[in-house]
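Taking it in order: structure first as C-alpha coordinates, then the write-up.
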Amino acid sequence: MNDISPVKSTSGCPFHGAGAGFTPYYHEDMFEALAEARRNEPVFYDQDTGYWIISRYDDVLSIMHDHERISAVNTSESATPLHQDALDILKNGKFTAEAIQSNCDGPRHARVRNVSAQLLNIRTFAQLESDIRRLVTEALDALHGKERADLLAHFTYELPAQVLFLILGIPKADTHNVKKWAGKRTIMNFSPSTYEQQVDGARHMVDYWRYCVDMVADRMKNPKDDFASNLLKLRNGDDSVITLNELTSVVYGVVFAGHETTTSQLTNAFRALLTERENWEALCADPSLIPNAVEEAFRYCGAVINWRRRAKTEVEIGGVKIPAGGNIMLSFASANRDEKHFENPEKFDIRRKNARKHLTMGNGLHVCLGAPLARLEMKIMLEEFTRRFPGLRLSEGQKIDHAHTYVFRAPRSLPVELQ
Ligand code: HEM
(Lines give C-alpha, C1' and ligand atoms only; values in the text may rest on other atoms or scores of the structure.)
Protein backbone atom coordinates (compact mmCIF):
# COMPACT_ATOMS: atom_id res chain seq x y z
CA MET A 1 0.00 0.00 0.00
CA ASN A 2 1.20 3.48 -0.84
CA ASP A 3 2.10 6.05 1.76
CA ILE A 4 -0.91 8.04 0.57
CA SER A 5 -3.66 5.47 0.69
CA PRO A 6 -7.18 6.07 -0.62
CA VAL A 7 -8.58 3.37 1.66
CA LYS A 8 -10.98 4.44 4.40
CA SER A 9 -12.50 2.11 6.91
CA THR A 10 -16.27 1.97 6.58
CA SER A 11 -16.81 0.49 10.01
CA GLY A 12 -18.43 3.01 12.24
CA CYS A 13 -21.18 3.60 14.68
CA PRO A 14 -24.66 4.76 13.73
CA PHE A 15 -25.20 7.08 16.67
CA HIS A 16 -23.81 10.47 17.52
CA GLY A 17 -23.32 10.82 21.25
CA ALA A 18 -22.13 13.35 23.79
CA GLY A 19 -19.04 14.08 21.76
CA ALA A 20 -21.20 16.72 20.08
CA GLY A 21 -18.95 19.44 21.54
CA PHE A 22 -15.90 17.88 19.88
CA THR A 23 -14.47 20.27 17.28
CA PRO A 24 -11.85 18.39 15.22
CA TYR A 25 -11.00 21.41 13.05
CA TYR A 26 -11.40 24.21 15.56
CA HIS A 27 -8.49 24.20 17.99
CA GLU A 28 -8.79 27.40 19.91
CA ASP A 29 -11.34 26.46 22.59
CA MET A 30 -11.34 22.70 22.21
CA PHE A 31 -10.27 21.77 25.73
CA GLU A 32 -13.58 22.21 27.55
CA ALA A 33 -15.32 19.65 25.35
CA LEU A 34 -12.42 17.24 25.81
CA ALA A 35 -12.63 17.57 29.60
CA GLU A 36 -16.36 16.89 29.36
CA ALA A 37 -15.66 13.80 27.26
CA ARG A 38 -13.09 12.50 29.78
CA ARG A 39 -15.68 12.88 32.53
CA ASN A 40 -18.81 11.58 30.84
CA GLU A 41 -18.10 9.77 27.58
CA PRO A 42 -14.40 8.97 27.37
CA VAL A 43 -14.80 7.00 24.13
CA PHE A 44 -17.21 8.31 21.50
CA TYR A 45 -17.81 8.17 17.79
CA ASP A 46 -17.36 11.39 15.83
CA GLN A 47 -19.58 11.46 12.78
CA ASP A 48 -17.71 14.34 11.18
CA THR A 49 -14.38 12.53 10.90
CA GLY A 50 -15.60 8.92 11.08
CA TYR A 51 -13.30 8.19 14.02
CA TRP A 52 -13.73 6.79 17.51
CA ILE A 53 -12.24 9.42 19.80
CA ILE A 54 -10.27 8.22 22.83
CA SER A 55 -9.91 10.95 25.43
CA ARG A 56 -8.41 9.41 28.60
CA TYR A 57 -4.67 9.09 29.13
CA ASP A 58 -4.75 5.44 30.24
CA ASP A 59 -6.81 4.35 27.24
CA VAL A 60 -4.61 6.27 24.78
CA LEU A 61 -1.47 4.75 26.29
CA SER A 62 -2.82 1.21 26.33
CA ILE A 63 -3.89 1.47 22.67
CA MET A 64 -0.39 2.64 21.68
CA HIS A 65 1.01 -0.50 23.30
CA ASP A 66 -1.60 -2.94 21.98
CA HIS A 67 0.12 -4.01 18.78
CA GLU A 68 -1.77 -7.32 18.65
CA ARG A 69 -5.21 -5.79 18.24
CA ILE A 70 -4.44 -2.28 17.04
CA SER A 71 -2.75 -1.25 13.80
CA ALA A 72 -0.94 1.96 12.89
CA VAL A 73 -1.52 1.62 9.13
CA ASN A 74 -3.81 4.63 8.91
CA THR A 75 -1.60 7.30 10.51
CA SER A 76 -0.91 9.02 7.16
CA GLU A 77 -4.08 8.02 5.35
CA SER A 78 -5.71 10.78 3.37
CA ALA A 79 -8.57 12.22 5.40
CA THR A 80 -10.73 12.38 2.27
CA PRO A 81 -10.53 9.34 -0.04
CA LEU A 82 -8.49 10.39 -3.05
CA HIS A 83 -10.23 11.00 -6.37
CA GLN A 84 -9.14 8.74 -9.24
CA ASP A 85 -7.57 11.75 -11.02
CA ALA A 86 -5.26 12.36 -8.05
CA LEU A 87 -4.41 8.65 -7.90
CA ASP A 88 -3.61 8.70 -11.63
CA ILE A 89 -1.26 11.67 -11.17
CA LEU A 90 0.58 9.74 -8.45
CA LYS A 91 0.73 6.58 -10.56
CA ASN A 92 1.86 8.32 -13.75
CA GLY A 93 4.42 10.32 -11.74
CA LYS A 94 5.90 7.01 -10.48
CA PHE A 95 5.12 7.96 -6.90
CA THR A 96 6.06 4.76 -5.06
CA ALA A 97 6.56 5.98 -1.49
CA GLU A 98 5.82 3.05 0.79
CA ALA A 99 4.16 2.94 4.20
CA ILE A 100 7.20 1.96 6.25
CA GLN A 101 7.43 4.27 9.28
CA SER A 102 4.67 5.52 11.57
CA ASN A 103 2.10 3.85 9.30
CA CYS A 104 3.60 0.35 9.31
CA ASP A 105 3.16 -2.60 11.68
CA GLY A 106 5.12 -5.63 12.77
CA PRO A 107 8.50 -6.97 11.68
CA ARG A 108 8.73 -4.70 8.65
CA HIS A 109 8.38 -1.61 10.80
CA ALA A 110 10.94 -2.98 13.28
CA ARG A 111 13.44 -3.74 10.49
CA VAL A 112 13.18 -0.30 8.87
CA ARG A 113 13.13 1.54 12.21
CA ASN A 114 16.24 -0.34 13.27
CA VAL A 115 18.05 1.15 10.27
CA SER A 116 16.88 4.76 10.67
CA ALA A 117 17.36 4.69 14.46
CA GLN A 118 21.09 4.14 13.92
CA LEU A 119 21.18 7.64 12.42
CA LEU A 120 18.34 9.42 14.20
CA ASN A 121 19.30 9.23 17.85
CA ILE A 122 20.38 11.39 20.76
CA ARG A 123 24.11 10.82 20.07
CA THR A 124 24.01 12.05 16.49
CA PHE A 125 21.67 14.94 17.34
CA ALA A 126 23.94 16.12 20.19
CA GLN A 127 26.74 16.66 17.64
CA LEU A 128 24.61 19.30 15.95
CA GLU A 129 24.36 21.60 18.96
CA SER A 130 26.83 24.28 17.83
CA ASP A 131 25.49 24.29 14.25
CA ILE A 132 21.92 24.69 15.52
CA ARG A 133 23.04 27.56 17.76
CA ARG A 134 24.68 29.22 14.75
CA LEU A 135 21.50 28.93 12.66
CA VAL A 136 19.42 30.33 15.51
CA THR A 137 21.83 33.22 16.01
CA GLU A 138 21.65 34.07 12.29
CA ALA A 139 17.85 34.03 12.40
CA LEU A 140 17.88 36.32 15.44
CA ASP A 141 20.37 38.65 13.76
CA ALA A 142 17.82 39.07 10.97
CA LEU A 143 15.27 40.28 13.56
CA HIS A 144 17.70 42.81 15.02
CA GLY A 145 16.36 46.37 15.00
CA LYS A 146 12.78 45.33 14.16
CA GLU A 147 10.06 46.40 16.57
CA ARG A 148 7.56 43.72 15.67
CA ALA A 149 7.34 40.57 13.61
CA ASP A 150 5.21 37.56 12.85
CA LEU A 151 7.14 34.99 14.84
CA LEU A 152 5.94 32.18 12.61
CA ALA A 153 6.90 33.83 9.32
CA HIS A 154 10.19 35.25 10.59
CA PHE A 155 11.45 32.57 12.93
CA THR A 156 9.62 29.29 13.52
CA TYR A 157 8.56 28.55 9.94
CA GLU A 158 11.91 27.94 8.22
CA LEU A 159 14.33 27.37 11.06
CA PRO A 160 13.36 23.75 11.98
CA ALA A 161 13.72 22.81 8.31
CA GLN A 162 17.20 24.33 8.20
CA VAL A 163 18.13 22.36 11.31
CA LEU A 164 16.90 19.18 9.63
CA PHE A 165 18.94 20.06 6.54
CA LEU A 166 22.09 19.71 8.67
CA ILE A 167 21.24 16.01 8.87
CA LEU A 168 19.92 15.58 5.36
CA GLY A 169 22.61 17.57 3.57
CA ILE A 170 19.96 19.68 1.81
CA PRO A 171 20.98 23.19 0.70
CA LYS A 172 19.27 26.17 2.35
CA ALA A 173 18.03 27.25 -1.08
CA ASP A 174 15.60 24.30 -1.05
CA THR A 175 13.78 25.51 2.08
CA HIS A 176 10.92 27.05 0.12
CA ASN A 177 10.18 23.81 -1.77
CA VAL A 178 10.50 21.57 1.27
CA LYS A 179 8.14 23.78 3.31
CA LYS A 180 5.69 23.98 0.40
CA TRP A 181 5.61 20.19 -0.01
CA ALA A 182 5.08 19.76 3.72
CA GLY A 183 2.10 22.12 3.59
CA LYS A 184 0.62 20.24 0.63
CA ARG A 185 1.22 16.90 2.33
CA THR A 186 -0.57 18.12 5.44
CA ILE A 187 -3.63 18.82 3.29
CA MET A 188 -3.39 15.49 1.42
CA ASN A 189 -2.95 13.33 4.52
CA PHE A 190 -4.35 15.16 7.51
CA SER A 191 -7.12 17.50 6.32
CA PRO A 192 -10.36 17.05 4.43
CA SER A 193 -9.51 17.99 0.84
CA THR A 194 -11.39 19.18 -2.24
CA TYR A 195 -10.88 17.75 -5.72
CA GLU A 196 -8.67 20.74 -6.64
CA GLN A 197 -6.55 20.35 -3.50
CA GLN A 198 -6.06 16.65 -4.20
CA VAL A 199 -5.01 17.16 -7.81
CA ASP A 200 -2.69 20.01 -6.85
CA GLY A 201 -1.40 18.01 -3.86
CA ALA A 202 -0.75 14.91 -5.98
CA ARG A 203 1.33 16.95 -8.45
CA HIS A 204 3.40 18.32 -5.57
CA MET A 205 3.81 14.85 -4.00
CA VAL A 206 5.23 13.64 -7.31
CA ASP A 207 7.79 16.50 -7.30
CA TYR A 208 8.60 15.88 -3.65
CA TRP A 209 9.04 12.12 -4.19
CA ARG A 210 11.20 12.74 -7.27
CA TYR A 211 13.36 15.11 -5.21
CA CYS A 212 13.97 12.26 -2.72
CA VAL A 213 14.62 9.73 -5.50
CA ASP A 214 17.15 12.12 -7.07
CA MET A 215 18.81 12.76 -3.72
CA VAL A 216 19.30 9.03 -3.12
CA ALA A 217 20.56 8.50 -6.68
CA ASP A 218 23.02 11.37 -6.26
CA ARG A 219 24.35 9.99 -2.95
CA MET A 220 24.87 6.60 -4.57
CA LYS A 221 27.23 8.27 -7.03
CA ASN A 222 28.68 10.93 -4.71
CA PRO A 223 28.48 9.72 -1.10
CA LYS A 224 28.59 12.43 1.56
CA ASP A 225 28.25 12.41 5.32
CA ASP A 226 24.48 12.85 5.38
CA PHE A 227 21.31 10.90 6.09
CA ALA A 228 20.73 9.36 2.65
CA SER A 229 24.43 8.48 2.20
CA ASN A 230 24.61 6.87 5.64
CA LEU A 231 21.39 4.93 5.05
CA LEU A 232 22.96 3.62 1.84
CA LYS A 233 26.05 2.64 3.79
CA LEU A 234 23.92 0.70 6.29
CA ARG A 235 22.03 -0.94 3.45
CA ASN A 236 25.26 -2.00 1.78
CA GLY A 237 23.31 -3.21 -1.25
CA ASP A 238 21.32 -5.71 0.84
CA ASP A 239 17.53 -5.66 0.33
CA SER A 240 17.01 -7.74 3.45
CA VAL A 241 18.33 -4.79 5.47
CA ILE A 242 16.27 -2.22 3.58
CA THR A 243 15.31 -2.01 -0.09
CA LEU A 244 16.19 1.06 -2.14
CA ASN A 245 12.53 2.06 -2.40
CA GLU A 246 12.08 1.66 1.37
CA LEU A 247 15.20 3.74 1.94
CA THR A 248 13.87 6.49 -0.32
CA SER A 249 10.54 6.28 1.53
CA VAL A 250 12.38 6.83 4.82
CA VAL A 251 14.00 9.97 3.36
CA TYR A 252 10.59 11.10 2.05
CA GLY A 253 9.11 10.58 5.53
CA VAL A 254 11.83 12.42 7.43
CA VAL A 255 11.84 15.37 4.98
CA PHE A 256 8.29 15.96 6.29
CA ALA A 257 8.32 14.68 9.90
CA GLY A 258 11.57 16.38 10.79
CA HIS A 259 10.38 20.01 10.71
CA GLU A 260 6.65 20.53 10.20
CA THR A 261 5.65 19.53 13.74
CA THR A 262 8.58 21.42 15.29
CA THR A 263 7.48 24.61 13.55
CA SER A 264 4.03 24.36 15.17
CA GLN A 265 5.36 23.15 18.50
CA LEU A 266 7.69 26.11 18.79
CA THR A 267 4.99 28.59 17.81
CA ASN A 268 2.59 27.07 20.35
CA ALA A 269 5.32 27.19 23.01
CA PHE A 270 6.08 30.89 22.41
CA ARG A 271 2.38 31.69 22.56
CA ALA A 272 1.86 29.86 25.86
CA LEU A 273 4.96 31.42 27.43
CA LEU A 274 3.90 34.93 26.42
CA THR A 275 0.21 34.60 27.26
CA GLU A 276 1.05 34.54 30.96
CA ARG A 277 4.18 36.58 30.56
CA GLU A 278 5.63 35.83 33.99
CA ASN A 279 6.62 32.50 32.44
CA TRP A 280 8.73 34.25 29.81
CA GLU A 281 10.27 36.49 32.47
CA ALA A 282 11.08 33.42 34.58
CA LEU A 283 12.96 31.82 31.66
CA CYS A 284 14.85 35.05 30.99
CA ALA A 285 15.90 35.20 34.65
CA ASP A 286 16.71 31.49 34.96
CA PRO A 287 17.42 29.63 31.67
CA SER A 288 17.80 26.37 33.61
CA LEU A 289 13.97 26.30 33.63
CA ILE A 290 13.89 26.00 29.83
CA PRO A 291 14.08 22.19 29.39
CA ASN A 292 11.08 21.64 31.65
CA ALA A 293 9.21 24.54 30.03
CA VAL A 294 9.73 22.77 26.69
CA GLU A 295 8.17 19.58 28.12
CA GLU A 296 5.27 21.52 29.59
CA ALA A 297 4.65 23.12 26.19
CA PHE A 298 4.56 19.65 24.63
CA ARG A 299 1.92 18.72 27.23
CA TYR A 300 -0.14 21.88 27.33
CA CYS A 301 -0.10 22.91 23.66
CA GLY A 302 1.27 19.99 21.68
CA ALA A 303 1.59 20.32 17.93
CA VAL A 304 0.11 16.84 17.43
CA ILE A 305 -3.37 16.90 18.95
CA ASN A 306 -4.70 13.64 17.53
CA TRP A 307 -2.96 10.58 16.15
CA ARG A 308 -4.61 7.70 14.38
CA ARG A 309 -4.88 3.95 14.76
CA ARG A 310 -7.22 1.21 13.47
CA ALA A 311 -8.77 -1.76 15.28
CA LYS A 312 -7.66 -5.04 13.70
CA THR A 313 -10.40 -6.87 15.55
CA GLU A 314 -13.33 -5.85 17.75
CA VAL A 315 -11.94 -4.18 20.87
CA GLU A 316 -13.58 -2.88 24.00
CA ILE A 317 -12.14 0.41 25.28
CA GLY A 318 -13.58 2.33 28.20
CA GLY A 319 -16.65 0.09 28.10
CA VAL A 320 -17.31 0.87 24.40
CA LYS A 321 -17.06 -1.78 21.68
CA ILE A 322 -15.15 -0.60 18.62
CA PRO A 323 -15.74 -2.86 15.62
CA ALA A 324 -13.00 -4.57 13.64
CA GLY A 325 -11.75 -2.04 11.09
CA GLY A 326 -12.95 0.90 13.21
CA ASN A 327 -10.86 4.04 12.89
CA ILE A 328 -9.50 5.33 16.18
CA MET A 329 -8.33 8.85 17.02
CA LEU A 330 -6.06 9.10 20.05
CA SER A 331 -6.69 12.55 21.48
CA PHE A 332 -3.23 13.52 22.74
CA ALA A 333 -4.63 16.99 23.49
CA SER A 334 -7.10 15.43 25.91
CA ALA A 335 -4.80 12.75 27.37
CA ASN A 336 -2.21 15.43 28.13
CA ARG A 337 -4.78 17.23 30.27
CA ASP A 338 -6.18 14.17 32.01
CA GLU A 339 -6.65 15.16 35.65
CA LYS A 340 -5.89 11.58 36.74
CA HIS A 341 -2.27 12.14 35.67
CA PHE A 342 -1.73 15.91 35.75
CA GLU A 343 -2.68 18.06 38.71
CA ASN A 344 -4.51 21.23 37.74
CA PRO A 345 -4.11 20.20 34.08
CA GLU A 346 -5.53 23.34 32.48
CA LYS A 347 -2.68 25.39 33.96
CA PHE A 348 0.47 26.01 31.95
CA ASP A 349 3.03 25.34 34.66
CA ILE A 350 6.67 25.48 33.51
CA ARG A 351 7.74 23.93 36.83
CA ARG A 352 5.37 20.95 36.59
CA LYS A 353 7.19 17.90 37.94
CA ASN A 354 5.77 15.30 35.57
CA ALA A 355 5.42 17.43 32.41
CA ARG A 356 7.58 14.92 30.51
CA LYS A 357 4.84 12.31 30.87
CA HIS A 358 2.99 13.94 27.94
CA LEU A 359 2.12 11.80 24.91
CA THR A 360 2.74 14.36 22.16
CA MET A 361 5.62 12.35 20.69
CA GLY A 362 3.69 9.07 20.88
CA ASN A 363 4.73 6.11 22.96
CA GLY A 364 5.65 2.46 22.44
CA LEU A 365 7.14 0.96 19.28
CA HIS A 366 6.44 4.05 17.16
CA VAL A 367 7.63 6.70 19.59
CA CYS A 368 9.05 9.66 17.66
CA LEU A 369 12.61 9.07 16.48
CA GLY A 370 13.24 12.81 16.26
CA ALA A 371 12.10 13.61 19.82
CA PRO A 372 15.63 14.34 21.13
CA LEU A 373 16.27 16.68 18.19
CA ALA A 374 12.98 18.54 18.68
CA ARG A 375 13.81 18.93 22.38
CA LEU A 376 17.34 20.12 21.65
CA GLU A 377 16.39 22.69 19.04
CA MET A 378 13.52 24.07 21.13
CA LYS A 379 15.86 24.42 24.10
CA ILE A 380 18.49 26.25 22.04
CA MET A 381 15.92 28.51 20.39
CA LEU A 382 14.44 29.52 23.75
CA GLU A 383 17.88 30.02 25.31
CA GLU A 384 18.97 32.32 22.52
CA PHE A 385 15.64 34.13 22.18
CA THR A 386 15.30 34.89 25.90
CA ARG A 387 18.88 36.22 25.90
CA ARG A 388 18.44 38.45 22.84
CA PHE A 389 14.81 39.57 23.19
CA PRO A 390 13.80 39.53 26.87
CA GLY A 391 11.22 42.24 26.10
CA LEU A 392 9.29 39.92 23.74
CA ARG A 393 5.51 40.05 24.13
CA LEU A 394 2.39 39.15 22.16
CA SER A 395 0.98 41.93 20.00
CA GLU A 396 -2.37 43.09 21.27
CA GLY A 397 -5.73 42.22 19.75
CA GLN A 398 -4.58 39.17 17.80
CA LYS A 399 -6.86 36.31 16.94
CA ILE A 400 -5.00 33.07 16.33
CA ASP A 401 -6.14 31.00 13.40
CA HIS A 402 -5.06 27.37 12.98
CA ALA A 403 -4.53 25.21 9.91
CA HIS A 404 -7.63 23.18 8.98
CA THR A 405 -6.49 19.73 10.07
CA TYR A 406 -7.56 17.33 12.79
CA VAL A 407 -4.04 16.07 13.45
CA PHE A 408 -1.94 19.17 14.02
CA ARG A 409 -2.44 22.31 16.06
CA ALA A 410 -0.64 24.62 13.70
CA PRO A 411 -1.07 28.38 14.14
CA ARG A 412 -0.99 30.41 10.93
CA SER A 413 0.72 33.41 12.52
CA LEU A 414 1.97 34.77 15.85
CA PRO A 415 2.39 38.57 15.83
CA VAL A 416 4.81 39.76 18.53
CA GLU A 417 6.48 42.96 19.75
CA LEU A 418 10.20 42.31 19.92
CA GLN A 419 11.46 45.12 22.13
C1 HEM B 1 7.78 18.84 17.94
C2 HEM B 1 8.25 17.99 17.12
C3 HEM B 1 7.71 16.61 16.86
C4 HEM B 1 6.53 16.03 17.25
C5 HEM B 1 5.41 16.63 18.09
C6 HEM B 1 6.53 14.68 16.72
C7 HEM B 1 5.50 13.76 16.92
C8 HEM B 1 5.54 12.46 16.44
C9 HEM B 1 4.50 11.49 16.65
C10 HEM B 1 3.20 11.73 17.41
C11 HEM B 1 4.87 10.34 16.05
C12 HEM B 1 4.09 9.02 16.01
C13 HEM B 1 4.30 8.29 17.31
C14 HEM B 1 3.44 7.05 17.49
O15 HEM B 1 2.75 6.61 16.57
O16 HEM B 1 3.48 6.49 18.61
C17 HEM B 1 6.16 10.58 15.44
C18 HEM B 1 6.87 9.64 14.72
C19 HEM B 1 8.03 9.91 14.05
N20 HEM B 1 8.75 11.08 14.08
FE21 HEM B 1 8.28 12.77 15.11
N22 HEM B 1 7.68 14.49 16.01
C23 HEM B 1 8.43 15.64 16.08
C24 HEM B 1 9.67 15.85 15.51
C25 HEM B 1 10.36 14.96 14.73
C26 HEM B 1 11.68 15.18 14.16
C27 HEM B 1 12.51 16.44 14.37
C28 HEM B 1 11.99 14.06 13.44
C29 HEM B 1 13.23 13.71 12.64
C30 HEM B 1 14.37 14.27 12.73
C31 HEM B 1 10.88 13.13 13.58
C32 HEM B 1 10.83 11.87 13.03
C33 HEM B 1 9.85 10.93 13.28
C34 HEM B 1 9.87 9.59 12.72
C35 HEM B 1 10.91 9.00 11.77
C36 HEM B 1 8.72 8.95 13.20
C37 HEM B 1 8.26 7.52 12.89
C38 HEM B 1 8.67 6.59 14.04
C39 HEM B 1 8.15 5.18 13.86
O40 HEM B 1 6.98 5.00 13.53
O41 HEM B 1 8.95 4.27 14.07
N42 HEM B 1 9.92 13.71 14.37
N43 HEM B 1 6.55 11.87 15.71
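I need the peptides 325-337, 173-185 ranked by packing, meaning the mean over residues of other C-beta atoms within 10 angstrom, with the highest value on top.
Numbers: 325-337: 24.6, 173-185: 16.8.
My ranking of the peptides, most packed first, is 325-337, 173-185.
Placing unit charges on the Cβ atoms of the charged side chains and taking the dipole of the chain about its Cα centre, the candidate lying farthest along the positive direction among G370, S193, G325 is G370.
Residue ranges 82-89, 378-385 sort as 378-385, 82-89 when ordered by packing (mean number of other C-beta atoms within 10 Å per residue, highest first).
For I53, the residues 5 or more places off, or on other chains, whose built amide H falls under 5 Å of its own are F44, Y45, D46, M329. For I317, the residues whose amide H sits under 5 Å from its own are I322, ignoring neighbours fewer than 5 places away on the same chain, with H placed 1.01 Å from N. Computed from label points 7 Å out along Cα-Cβ, the spacing between A217 and K357 is 5.2 nm. Applying both filters, DSSP loop and at most 11 other Cβ atoms within 10 Å, to the trypsin sites (Lys or Arg not before Pro) of segment 209-240 gives K224.
For segment 69-219, the share of alpha carbon pairs falling in successive 10 Å distance bins from zero is 9, 28, 35, 21, 6, 0 percent. Here's the picture: a label point sits 7 Å out from the Cα of T137 along the beta-carbon direction, and within segment 363-380 the residues with their amide nitrogen under 20 Å of it are 376-380. Considering all different alpha carbon pairs of segment 211-356, the Kirkwood hydrodynamic radius works out to 18.9 Å.
For segment 200-214, 3J(HN,Hα) computed residue by residue from phi via the Karplus equation (6.51, -1.76, 1.60; θ = phi - 60°) reads 4, x, 4, 4, 5, 5, 5, 4, 5, 5, 4, 4, 6, 4, 5 Hz, glycine and proline entered as x. Here the Kirkwood formula puts the hydrodynamic radius of the chain at 22.1 Å, using every distinct Cα pair. The local environment of G93, defined by Cβ-Cβ distances under 10 Å, has a net charge of +2 under the rule Lys, Arg +1 and Asp, Glu -1.
Taking the Cβ of L119 as the centre, find all other residues whose Cβ is under 14 Å away and add up their charges (Lys, Arg: +1; Asp, Glu: -1). It would help to have the intermediate numbers written out before the result.
Working: positive: R113, R123, R219, K224, K233, R235; negative: D225, D226.
Cβ neighbours under 14 Å give a net charge of +4.
When D29, D66 are compared by accessible surface with a 1.4 Å probe, the order from highest to lowest is D29, D66.
Of all lysines in the structure, those lying under 21 Å Cα to Cα from K94, and not within fewer than 8 positions of it along the same chain, are K180, K184.
Cross-chain or 8 or more residues apart, Cα under 22 Å: how many lysine pairs in segment 277-400 fit that? Count them up, please. Kindly include the intermediate steps, with their values, before the conclusion.
Values: K312/K321; K340/K353; K340/K357; K347/K357; K347/K379; K347/K399; K353/K379; K357/K379.
Qualifying lysine pairs in segment 277-400: 8.
In the complete set of protein chains, residue-level accessible area for E41 is approximately 40 Å², probe 1.4 angstrom.
The values are calculated or read from the model by the stated rules, or taken from the named source; none is laboratory data. Note that the structure is predicted; figures quoted are calculated from it, not measured. Note: ideal-geometry Cβ built from the backbone for every residue, glycine included; neighbour counts use all protein chains shown. To get the accessible areas, we keep the full protein, side chains included, count just its heavy atoms, and leave off ligands, DNA and RNA. Shrake-Rupley method; radii C 1.70, N 1.55, O 1.52, S 1.80 Å.
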